[in-house]
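Beneath this line is the structure, given in structure tokens, with notes to follow.
Every number in this text was worked out from the coordinates using simple rules, so none of it is lab data. A quick note: this is a predicted structure, and the numbers were derived from the prediction, not measured. FYI the Cβ positions are ideal-geometry reconstructions off the backbone, even for glycines, and counts take in every protein chain you see.
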Amino acid sequence: MLELVMNEKAWVEDMLRSMQLGQHPYTMLLRYATYLRENGYKKGRVRRELEDLVTRCRPDTSLQRWREAIDRAVEDSRTRELFQIDGINITRAEMDVVDAQEGLMRQKLLFTLLCLAKYRDAIRGKESSWINYGVNDIFKLANINCNQQRQYAMMHALYNDGLIGLNHNVADTSIKVLIVNNEGESALTVTDMRNLGNQYARLHSDQFTTCEQCGLVIKRGSNRQKYCKACANAIRLARAMDAYLSRLA
């Protein structure tokens, strides 16, 4: 799953506190290298800090296997800055186009593409509406579970209807979202780039809720559900450990 965040500095600091590299370790290495440079660290010190991070997070791995990723993160960090986005504004005009689509799956997909385009524009500081994410990642963010054939059929339908555009270079898989319209009143502000499909569905159904622990929007399993699956498991484990330690005391 893509690790799309609004505040890179806060995200890096959270990952450091929990000693994690995340689902995409290179993303953490690059953001941490940028974080270090912005705090005045020179190239050699940045590399040593990345090596130390890998060693602490993956003590059983060979550091040699990480050399290429570390070197690339050190170099790539020279041309970037950590970004902070307060939120992604979705206008009424944009939501009207999404709401007008036939079927919830198509609505969730178009809403997700719209959020991704405006997210990338906010990071770049200019309006282009181009995105370049894998189709599987897009559908995961949209909370749509279907096979690859169905995925491409849905994307092709959006293209045929003039809602998205494709690059003329067939080797370039970039997508241009054609419904971006920053004029007019705001309909909502997206502050979390996770489970975008569920976020859209929640606007039209009470079957969705927000995890009280991590803020993830999830489909409600029962009226009493408070947590997503991951947080519920972590809470149960913590309570079981507390109970075990109390018996030993």
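Considering only the stretch 63-70, I want to know if a residue exists there that is in contact with a Pro (Cβ under 9 Å, 6 or more places away or on another chain), crowded, with 20+ Cβ neighbours inside 10 Å and part of a helix (DSSP H, G or I).
Residues of the stretch 63-70 that are in contact with a Pro (Cβ under 9 Å, 6 or more places away or on another chain), as a first pass: 66, 69.
From what is left, the residues that are crowded, with 20+ Cβ neighbours inside 10 Å are 66.
Still in the list and also part of a helix (DSSP H, G or I): 66.
Yes; the residues of the stretch 63-70 include at least one that is in contact with a Pro (Cβ under 9 Å, 6 or more places away or on another chain), crowded, with 20+ Cβ neighbours inside 10 Å and part of a helix (DSSP H, G or I).
Does at least one position in the stretch 223-241 carry a residue that is under 30 Å from ASP96 (Cβ atoms) and buried (at least 18 other Cβ atoms within 10 Å of the Cβ)? First the steps, then the outcome.
The initial filter retains those residues of the stretch 223-241 that are under 30 Å from ASP96 (Cβ atoms), namely none.
No, the stretch 223-241 contains no residue that is under 30 Å from ASP96 (Cβ atoms) and buried (at least 18 other Cβ atoms within 10 Å of the Cβ).
Report whether or not LEU63 is touching a Phe, Trp or Tyr at 6+ places or on another chain (Cβ under 8 Å) and either of a type outside the set (Val, Ile, Thr) or without any contact (Cβ under 8 Å) to a residue 24 or more places away in the chain (or both). Walk me through how you get there before you give the answer.
Values: touching a Phe, Trp or Tyr at 6+ places or on another chain (Cβ under 8 Å): no; either of a type outside the set (Val, Ile, Thr) or without any contact (Cβ under 8 Å) to a residue 24 or more places away in the chain (or both): yes.
Here the answer is no, as LEU63 does not meet what is asked.
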Report task. Scan the stretch 98-136 residue by residue and report those that are in a loop (DSSP other than H, G, I, E, B), surrounded by 14 or more Cβ atoms within 10 Å (Cβ to Cβ) and among the polar types (S, T, N, Q). Result -> GLN101, SER129
Query raised in the report: Out of the stretch 1-43, which residues are in contact with a Ser or Thr (Cβ under 7 Å, 6 or more places away or on another chain) and either in a helix (DSSP H, G or I) or touching a residue at least 40 places away in the same chain (Cβ under 8 Å) (or both)?
Result: MET6, LEU30, ALA33, THR34, ARG37
Report task. Quick one: count up the residues across the stretch 100-123 that are of a type outside the set (A, V, I, L, M) and either over 16 Å from VAL180 (Cβ atoms) or touching an Asp or Glu at 6+ places or on another chain (Cβ under 8 Å) (or both). Result -> 6
Requested in this report: Say whether the condition of being buried (at least 16 other Cβ atoms within 10 Å of the Cβ) and within 13 Å of ILE90 (Cα to Cα) is met by at least one residue in the stretch 165-179.
Outcome: yes
